[in-house]
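Some notes on the structure that comes next.
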Amino acid sequence: MDIEAEIRALQLDSAEVNNGVVNPEDAKLEKVEKEDEVEVEVEGMKDEVHGRSQPGQAEPKVKNKEVVALEDAEAQEEMETNKKRHLNVVFIGHVDAGKSTTGGQILFLSGQVDDRTIQKYEKEAKDKSRESWYMAYIMDTNEEERVKGKTVEVGRAHFETETTRFTILDAPGHKSYVPNMISGASQADIGVLVISARKGEFETGYERGGQTREHVQLAKTLGVAKLLVVVNKMDDPTVNWSKERYDEIESKMTPFLKSSGYNVKKDVQFLPISGLLGSNMKSRVDKSTCSWWNGPCLFEALDCIEVPLRDPKGPFRMPILDKFKDMGTVVMGKVESGSVCEGDSLLVMPNKAQVKVVAVYCDESKVRCAGPGENLRVRLSGIEEEDILSGFVLSSVVKPIPAVTEFTAQLQILELLENAIFTAGYKAVLHVHSVVEECEIVELLQQIDPKTRKPMKKKVLFVKNGAVVVCRVQVNNSICVEKFSDFPQLGRFTLRTEGKTIAVGKVTDLPVA
């Protein structure tokens, strides 16, 4: 222990001499040392400090600074993580329900956007004679989205409440952009389903072919366990905060949410808002406006949501959503399991490339370590940007994610195309976490009886809408998936064809490697 005391003293001295500023010499030394040491963990560093603090004087000094810096960073990191939990919220719903406007209003109310920017957006919207779109401009940043008033890409933004840090994912509502919506929802922990209360708008979104239905089914499949159903546009002249209209929407949505697999009592909450005016969002709606609402406002509801805990000590898994060049190769994604620290060695699957983590960024700030549920940008060394595709997975070396070209899955058929039958040889597009890959059903193994949930005895050759079937699925290129029972986020998928979601499923078995 006396060595540690000496180290502390040494470190204090050096801090006093330099007023806490690192000498360029020391920095150089430190850099050289860092390069020499490959894959050294923090524990190892401490041991080495104990072992090496006698021979040279400069060396321990640099070492100590490094260790102390690490310890400080870790302490700070722990403080930050203990302070606030982090949640990803996806905004889903039919086109024009007001998702971007609601997202923009949240950012404005939580102080992420200043008044001047809002005034600028108001003027822009007025010039396009679209006065009510100005809030959506906060989320819809590119010109095409603003001209059409439709979200195309998944917008991202961050805001905080008393207890939680949120990342907003603003998904597109238009049916042409459902694949983008899938990539947004696959990163989310909770969903906010925005429904327009305006006469006629709720009906079009909800009827067959409307995006409200498809989005809910996709959200459930993609692992959005909790849903806030936000009835927007309550301030509209056709609605005027009418309780009858709100109750009608709730009564129509409840059976549908149940049939999509949500437990409405536990996992779903309804609340009325006005995204454009910001009513019932940060503070509860005024009784003079809406006398019958006694429930929480949007921020309170978001704060109260409980989400399942992930395992920070599990094997590391981060599906790659995007990649770019920036002083090396940088990949983006959400950590589904495990933790990552600077200096870690990882594998990029399925091509088994060994990489080293150079830096980790969470939101915009650089961090030393990050746990599950965080959206990260990770700078890697040892791989070129062009060798990575979205859908690859950054995983731990000890227990890498399986890479397969075939797997067994249980499918629930939702709605096949006209005159199509689901049989061996059926082709569709598979969406699993951030992978989009063409697939073929090779063999139907057995049909599951929906009542008893047990396999039926008779051999199955084809199935129709609503059936649950176990089948073998084959893909052209190797993809990274896990069994649903081990990693729900990496084992659930959707099948789409010609712009429609035809089935949702989960991976039940993988071939033995």
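The values are calculated or read from the model by the stated rules, or taken from the named source; none is laboratory data. Every value quoted in this text rests on a predicted model; they were computed, and no experiment measured them. Heads up, the Cβs are rebuilt from the backbone with ideal geometry, glycines too, and the neighbour counts pull from every protein chain shown. For the accessible areas, the whole protein counts, side chains as well, though only heavy atoms, and no ligand, DNA or RNA atoms are used. Shrake-Rupley method; radii C 1.70, N 1.55, O 1.52, S 1.80 Å.
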Being closer than 27 Å to residue 200 by Cβ, of a type in the set (A, V, I, L, M, F, W, C) and touching a helix residue (DSSP H, G or I) at 6+ places or on another chain (Cβ under 6 Å), is that true of even one residue in the range 107-121? no
Within the set of pairs 6 or more residues apart or between chains, which connect a residue that is in contact (Cβ under 8 Å) with a residue 60 or more places away in the chain inside the range 282-296 to a residue that is among the polar types (S, T, N, Q) and open to solvent by less than 70 Å² (accessible area, probe 1.4 Å) with Cβ atoms less than 8 Å apart? 282/110
Show me the strands (runs of 3 or more DSSP E) entirely contained within the range 400-513 in which 3 or more residues are over 29 Å from residue 339 (Cβ atoms) and without any contact (Cβ under 8 Å) to a residue 60 or more places away in the chain. 435-448
Looking at (1) open to solvent by 30 Å² or more (accessible area, probe 1.4 Å); (2) at pLDDT 85 or above, which is the only condition residue 280 fails? (1)
Does the range 136-143 include one or more residues that are at pLDDT 80 or above and either open to solvent by less than 20 Å² (accessible area, probe 1.4 Å) or in a helix (DSSP H, G or I) (or both)? no
Considering only the range 351-365, I want to know if a residue exists there that is touching a strand residue (DSSP E or B) at 6+ places or on another chain (Cβ under 8 Å), touching a residue at least 60 places away in the same chain (Cβ under 8 Å) and crowded, with 21+ Cβ neighbours inside 10 Å. no
Within the range 442-462, can one find any residue that is touching a Lys or Arg at 6+ places or on another chain (Cβ under 8 Å), at pLDDT 85 or above and aromatic (Phe, Trp, Tyr)? no
Taking the range 229-243 as the region of interest, how many residues are surrounded by fewer than 20 Cβ atoms within 10 Å (Cβ to Cβ) and farther than 19 Å from residue 288 by Cβ? 1
Just a yes or no: is a residue in the range 316-337 of a type in the set (Asp, Glu), within 25 Å of residue 483 (Cα to Cα) and part of a loop (DSSP other than H, G, I, E, B)? yes
Any chance residue 336 is open to solvent by less than 70 Å² (accessible area, probe 1.4 Å), more than 16 Å from the chain's Cα centre (by Cα), under 25 Å from residue 489 (Cα atoms) and in contact (Cβ under 8 Å) with a residue 24 or more places away in the chain: no
Hits in the range 221-267 - residues which are among the hydrophobic types (A, V, I, L, M, F, W, C), under 27 Å from residue 502 (Cα atoms) and not in a loop (DSSP other than H, G, I, E, B): 227, 228, 229, 230, 249, 253, 256, 257, 264
So residue 398 ticks every box in (1) of a type outside the set (Phe, Trp, Tyr); (2) farther than 23 Å from residue 214 by Cα; (3) modelled with pLDDT under 90; (4) open to solvent by 70 Å² or more (accessible area, probe 1.4 Å) but one. Which box is left unticked? (3)
Return the residues of the range 448-500 that are of a type in the set (Ser, Thr, Tyr), out of contact with any Pro (no Cβ under 8 Å at 6 or more places or on another chain) and either surrounded by fewer than 22 Cβ atoms within 10 Å (Cβ to Cβ) or more than 16 Å from residue 413 (Cβ to Cβ) (or both); say none if nothing qualifies. 452, 485, 497
Restricting to the range 295-333, name every residue that is surrounded by fewer than 15 Cβ atoms within 10 Å (Cβ to Cβ), among the charged types (D, E, K, R) and touching a helix residue (DSSP H, G or I) at 6+ places or on another chain (Cβ under 9 Å). 325
Taking interchain pairs and intrachain pairs at least six residues apart, which have beta carbon atoms under 7 angstrom, with the first residue in the range 83-96 and in contact (Cβ under 8 Å) with a residue 24 or more places away in the chain and more than 28 Å from residue 201 (Cβ to Cβ) and the second of a type in the set (Lys, Arg) and open to solvent by 10 Å² or more (accessible area, probe 1.4 Å)? 84/165; 86/165
Can you tell me which of (1) at pLDDT below 85; (2) more than 30 Å from residue 310 (Cα to Cα); (3) touching a helix residue (DSSP H, G or I) at 6+ places or on another chain (Cβ under 9 Å) is the one residue 201 doesn't meet? (3)
